[in-house]
Structures are given as structure tokens and as C-alpha cells.
Amino acid sequence: MSDQQSNELIILRPPTVADGADLWRLAEGTGVLDTNTPYAYLLWARDFAETSVIAEVEGEPAGFITGYRKPTDPSTLFVWQVAVDSRFRGRGLAKKMLFDLVERTADDVSRLETTVTIDNEASLALFGALARAHGTEMTRTSLFTEDLFPHQEETGEEHAAEDLYTVEPLHAPAT
């Protein structure tokens, strides 16, 4: 990291509806996330802001994490998407956002879940770092197999299986 990068102003905050278009642009810009409609990101920013985060670097949208509390288990934070603009990668921004989100929801959340494709090394490293920081393990179980997704002929894309990764307990003292 250069000296300039270490002195950058990074703001992490819950997204607002005004950020919805930026969330969509960031997701679309990754080239790897399943991009939802712009409308979905507007709703996300309205209804799930307390369990999501947007990062601004020097006032510019640089990344986001969307998450929600599971309706069947509100003590579980499900992380849905993590995006960092390519211009801001390699600076630990995803880790800063994730750790900020977990800290911000610490009073209500004791478990994190996410789904990740087996080849997504960056996400696996990110959530593994969270598990280590909380002195716990990250477990993996099969969740959405490839046959559950629409066929490539229907969507124009092939979708790999999404395994469920769980980090629990989130607030165990680190050893």
C-alpha cells in the first residue's frame, strides 16, 4: 500500500436509497457477481441498510456488502454480496467493510452465513480471516447445487454450486 493510499479518507456507513444506483454499478462492474436489477439495490438500501455497508474512498463509492438477518434466526447475519471496485482492490477494503458490519451488528448477531462458489478464493480468504479474528472456525456445507439453478440455455450463463459457509460464534475471544 502506498503512502497516499494509507492516507485516503475511507468512510464506511449504511447505504441509503440514494446509494442504490451506485450499489448496482459496483455489482455490475465486478464482472463476476450475479447482478440484480437496479430496483433490487434500491430496495436493499431502503430495507436492509442496517445490515449492509457502503465504502467511500475520498468521496467515491468504492465497495459494498449487502446482508440481512435471517427471518428464521435473527441472530444470524447472512452476507449476500461483497463488491469492491477494481480501482480499489488490494487495499483490504472488503475486510474493513466486513469487520465494520460485524461490529455494527454485534449486539444482535452471533453467527454469520454466506454462500460462495468453490473457486472464489478471495471470498473464502475474506470469511476465513473473519473466523480467525473471532477465534473460531469457518464450516462449509453443500447448499445450492448446480442443478437447482436455471439451465444455461435459459439464462445465457452457467451457475456453479453455492456452498454455505458459516462463521460461529462471531464474538468468541480471539486466542
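The values are calculated or read from the model by the stated rules, or taken from the named source; none is laboratory data. Not measured: the values here are computed from a predicted model. All Cβ positions, even for glycine, are placed from backbone atoms using ideal geometry, and neighbour counts span all protein chains on display. Areas reflect the complete protein model, heavy atoms only, side chains present, ligands, DNA and RNA absent. Shrake-Rupley method; radii C 1.70, N 1.55, O 1.52, S 1.80 Å.
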(request) Could you please give the count of residues in the range 38-74 that are free of Cβ contacts under 8 Å to residues at least 12 places away in the same chain and assigned to a loop (DSSP other than H, G, I, E, B)? (result) 2
(request) Kindly check whether there is at least one residue in the range 35-44 that is in contact with a Lys or Arg (Cβ under 8 Å, 6 or more places away or on another chain) and open to solvent by less than 20 Å² (accessible area, probe 1.4 Å). (result) no
(request) With the condition kept exactly as written, say whether any residue in the range 71-78 is open to solvent by 50 Å² or more (accessible area, probe 1.4 Å), in contact with an Asp or Glu (Cβ under 8 Å, 6 or more places away or on another chain) and of a type in the set (Gly, Ala, Ser). (result) no
(request) Kindly provide the set of residues from the range 146-162 that are polar (S, T, N, Q) and modelled with pLDDT of 95 or more, ordered by number. (result) none
(request) Within the range 88-107, identify whether any single residue is under 23 Å from GLU158 (Cα atoms) and touching a residue at least 24 places away in the same chain (Cβ under 8 Å), and answer yes or no. (result) no
(message) I'd like the full set of residues that are under 16 Å from SER110 (Cα atoms), of a type outside the set (A, V, I, L, M, F, W, C) and open to solvent by less than 90 Å² (accessible area, probe 1.4 Å), limited to the range 129-167.
(response) HIS134, GLY135, THR136, THR139, TYR165, THR166
(request) Could you list all residues from the range 90-114 that are open to solvent by less than 30 Å² (accessible area, probe 1.4 Å), over 17 Å from ALA55 (Cα atoms) and not in a loop (DSSP other than H, G, I, E, B)? (result) LEU112, GLU113, THR114
(message) For ILE118, only one of the following conditions fails: (1) assigned to a loop (DSSP other than H, G, I, E, B); (2) open to solvent by less than 40 Å² (accessible area, probe 1.4 Å). What is its number?
(response) (2)
(message) Suppose the filter is farther than 24 Å from ILE54 by Cα and hydrophobic (A, V, I, L, M, F, W, C); does PHE149 pass it?
(response) yes
